[in-house]
Amino acid sequence: MSETKEPVLAPELSLFAARTLSGPLPADVADSVRRRILDVLGLCVAAYRLPTSAAAAGYAADQGGRPEASAVGVETSLPAAQAAFVNGVLAHSLDYDDTHLPSVLHPSAAVIPAALAAAQASGASGADTVGAVAVGLEIAVRLGMAGYDRELGNSVFFEHGQHATSICGAMGGAAAAALLMGLGAEGVQNALGVTASFAAGIIEANRTGGTVKRLHCGWAAHSAVTAASLVQRGFTGPPTVLEGRFGFFEAFLRGESDLSQVLDGLGETWAVPGIFFKPYPANHFTHTAIDAGIALRARGLPIDRIEHIEVRVPSAVIRTIGQPLKTKRAPETGYQAQFSGPYAVVAGLIGGSGLGVGLDDFTDELARDPARRALMALVDVVPDEKCDAIYPYQFPAVVRVRTDDGREWTEEVLANRGGPGRPLSEAELSRKFGENVAGRLPAETARTVQDLVLRLDRLTGVADVLRPLTRLDLNAH
């Protein structure tokens, strides 16, 4: 009996991809995709302030090659794979990009940069770009869900220290890029087969620091476009790339996978509209703690009288936002603060910019601010059974505060803002984009880009959307 299963998954995903591009998208899927593209472009502009962004852009520019596609903040055109790399780095660098639950991956930051670069290089229409992004997001999410263990209540990728975002995002991005290069179902199948050998990412930086995680979605997008380009030139991949004995799921998940998640309801039930937008620029596990802090502040909690704060969260998230506790109570940088439960609740209690807490609240200076550190020193991050029962379909938090007059204040936030249960409005998403590009783009240019993206499926291509974003005010803060 052969060890290798019949080639089912990649061929079926590829047929789904080709069928989707040949017909109209469901209206809610198309609308969701357009808004995710707008969100990602705003994040790319906002992230250009970071030294790592300049490093990624400089690296890509130094590689040379045929000018094919635009990268945010880079005035000269780059090869498509390099443009995808830069935009992917920028899209994920602020930890402000969308999240799918319960797979806990961030699909747009890899898929959209890959698709935009491939679309510009190939001259694909706006409608095909929207369709290809939808396909890429759906494939990324379904592969991520195949690695979600319901009994464990967590992603097996995550348990293995692997970054499902970049691993599955590379695969989704490759499907999108192959479609936009006109490679059809067979090309998508081969692109999946090739990309599986490129997909990578480990998440130790979430725990103890380092900026390498900012590279992950850039490298995933680069891998996606590179793979599709190699397929275009004749490379092929194994048809059993996903479920084979030495395939994707065995290699990454050691066989701990639910393959039904890949095909069940494919083309009928879409995950894309349910992906959570992020209201705050921080690790998604921290968001309900921020909300709780905001709510307690609104209730009149006297911050100067706090004796102790207990942030109760799902057990599985503590290692990311609560360990090592000494480090989480005293982040050295704004980036470390984005992964700190103590900082999150304190930021909510103090209040800030954006949609309640924004980019201006995650600076190196504020991370080391003595007043914030004094409050963070009072914070414990502990497991909560009620939160465990809800995770990972939401990232809930229960915050309990004791003040020096003996009072106890409690705030429960059991559903994340930005998800289907508490969606961000069109006005809030527009405000998020506006604040992300403020000072970097002239207001009129920002409005033009937003208008073009929101009617992208009526445009002949994506170049007019991307070109204005290549010239930013790099002196803005």
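The values are calculated or read from the model by the stated rules, or taken from the named source; none is laboratory data. Owing to the predicted nature of the structure, the values given are computational and were not obtained by experimental measurement. Every residue, glycine among them, receives a Cβ derived from its backbone with ideal geometry; neighbour counts consider all protein chains shown. For the accessible areas, the whole protein counts, side chains as well, though only heavy atoms, and no ligand, DNA or RNA atoms are used. Shrake-Rupley method; radii C 1.70, N 1.55, O 1.52, S 1.80 Å.
Summary of values
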read-out	value
Solvent-accessible area, 1.4 Å probe, carbon plus sulfur percent, for the chain	51 percent
In nm, spacing of pseudo-spin labels at residue 333 and residue 159 (7 Å Cα→C-beta vector)	3.1 nm
Rounded if a/c under 1.5, otherwise prolate or oblate - the stretch 1-71, Cα gyration tensor axes	oblate
At 0.692 mPa s and 37 °C, Stokes diffusion of the chain via Kirkwood alpha-carbon radius, µm² per second	148 µm²/s
Three-way shape label, the stretch 321-467, alpha-carbon gyration tensor, a/c 1.5	prolate
Highest average packing first - 56-66, 357-367, Cβ atoms within 10 Å	357-367, 56-66
Modelled FRET efficiency - R0 45 Å, residue 268 with residue 377, Cβ distances, 0.05 increments	0.30
Inter-label distance for residue 369 and residue 448, nm, one decimal - labels placed 7 Å from Cα along Cα-to-Cβ	3.7 nm
Descending principal axes extents, the stretch 170-267, alpha-carbon based, whole Å	43, 28, 26
Part-to-part distance (alpha-carbon centres) for the stretch 179-243 and the stretch 21-95, which is given in Å	16 Å
Reachable aspartates and glutamates, given that their alpha-carbon falls under 14 Å from the alpha-carbon of residue 213 and they are not under 8 places away in the same chain	95, 97, 204
Rounded to 5, percent antiparallel among DSSP beta bridges of the chain	75 percent
Label zone at residue 474, where the point sits 7 Å out along the Cα-to-Cβ direction: the stretch 70-95 residues whose backbone N lies under 14 Å	71-77
Helical contribution to [θ] at 222 nm, DSSP H n ≥ 4, -39,500 (n - 2.57), averaged over the chain, rounded to 500	-15000 deg cm²/dmol
³J(HN,Hα) computed for each position of the stretch 70-75 - Karplus, 6.51 cos²θ - 1.76 cosθ + 1.60, integer Hz, glycine/proline x	9, 10, 4, x, 10, 6
Lysines with Cα under 18 Å of residue 432, excluding same-chain neighbours fewer than 8 positions away	278
Full-stretch length increase - residue 66, residue 235 - with 0.36 nm per residue and alpha-carbon distance subtracted	58.8 nm
For the stretch 58-204: rounded, prolate or oblate by the Cα gyration tensor [a/c cutoff 1.5]	prolate
Cα long-axis angle, helix 27-47 against the chain (0 to 90 degrees, to the nearest 10)	70 degrees
Heavy-atom surface of the chain, accessible at 1.4 Å and reported per residue (Å²)	37 Å²
Among beta bridges that DSSP assigns inside the stretch 309-457, antiparallel share in %, nearest 5	60 percent
Extension gain from residue 297 to residue 315, taking 0.36 nm per residue of separation minus the Cα-Cα distance	3.9 nm
Under 16 Å from the residue 307 label point (7 Å along Cα→beta-carbon), backbone N, the stretch 371-396	378-380
Segments 381-388, 279-286, 209-216 sorted - mean Cβ within 10 Å per residue, highest first	279-286, 209-216, 381-388
Packing-based ranking, highest mean first, of 404-415, 138-149, 310-321 given that Cβ atoms within 10 Å are counted	138-149, 310-321, 404-415
